[in-house]
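Please read the structure below before turning to the comments.
The values are calculated or read from the model by the stated rules, or taken from the named source; none is laboratory data. None of the values given here were measured: they were computed from a predicted structure. Neighbour counts run over all protein chains shown; Cβ positions are idealised from the backbone, glycine included. Ligands, DNA and RNA are excluded from the accessible area calculation, which covers all protein heavy atoms including side chains. Shrake-Rupley method; radii C 1.70, N 1.55, O 1.52, S 1.80 Å.
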Amino acid sequence: MAEAQTAAKKQIPIVPFLRVPDDPSEKPHLWGSKCKQCGTVYLGARMACSKCFSTDPMEEVKLSEKGELHVFSIVHQSAPGIPVPYVAAIVDLPEGVSVRCNIEGVEPDPKNLQFGMPVEMYTQVVHTDKEGNEIVAFKFRPAKG
Ligand SMILES: [Zn+2]
């Protein structure tokens with residue numbers, strides 16, 4: 001156990017399109033690929049553009065942490081071990097990217113949620129593995145202010 005405690009603890013993003021910087025002063029963020037030909041942005045890595053079919057290497061761009069709730073549904077039944085109800089949603093980011101996510105920080109009741117409401121991304125450690133590495137997930141919550 002002593003060995004595990006002295007090993008450098010890492011934060012590992014749960015999905016490849018979430019970036020958790022090594023520098024703790026930098027905020028975790030979602031990233032996307034921007035087509036250099038037509039400017040379309042995709043979530044995470046992308047081999048080719050589905051708009052202009054360019055296969056040129058894409059430019060990595062940092063995505064906004066704030067977006068709008070595009071669509072949501074309140075999930076009442078899920079796999080064993082997953083607490084219900086929860087809010088499953090698609091959030092639109094200003095870059096033109098849609099992200100599937102859960103909305104937290106609000107009672108899962110339709111009266112608390114509105115299409116187009118501002119939401120913001122945040123991260124949470126959801127698991128610590130045997131080596132002490134933290135598995136980091138992203139969620140969205142209603143934006144303050
Ligand atoms: Zn393109």
Pairs, first in contact (Cβ under 8 Å) with a residue 40 or more places away in the chain in segment 37-55, second near the ligand (Cβ under 8 Å from one of its atoms), C-beta under 7 Å, six or more apart | 40/49; 40/51
Working only within segment 30-51, note down all residues that are in a loop (DSSP other than H, G, I, E, B) and small (Gly, Ala, Ser).
-> 39, 44, 45, 48, 50
Yes or no: residue 113 more than 30 Å from residue 129 (Cα to Cα) and surrounded by 12 or more Cβ atoms within 10 Å (Cβ to Cβ)?
-> yes
How many residues of segment 19-41 are farther than 27 Å from residue 134 by Cβ and open to solvent by less than 70 Å² (accessible area, probe 1.4 Å)? The answer is 5
Which of (1) within 16 Å of the ligand (Cβ to nearest atom); (2) open to solvent by 90 Å² or more (accessible area, probe 1.4 Å); (3) within 17 Å of residue 140 (Cα to Cα); (4) of a type in the set (Asp, Glu) is the odd one out, the single condition residue 60 does not satisfy?
-> (3)
When both residues are 6+ apart or on different chains and their Cβ atoms are under 6 Å apart, which pairs have a first residue that lies in segment 9-29 and is part of a strand (DSSP E or B), and a second that is exposed (fewer than 14 other Cβ atoms within 10 Å of the Cβ)?
-> 29/62
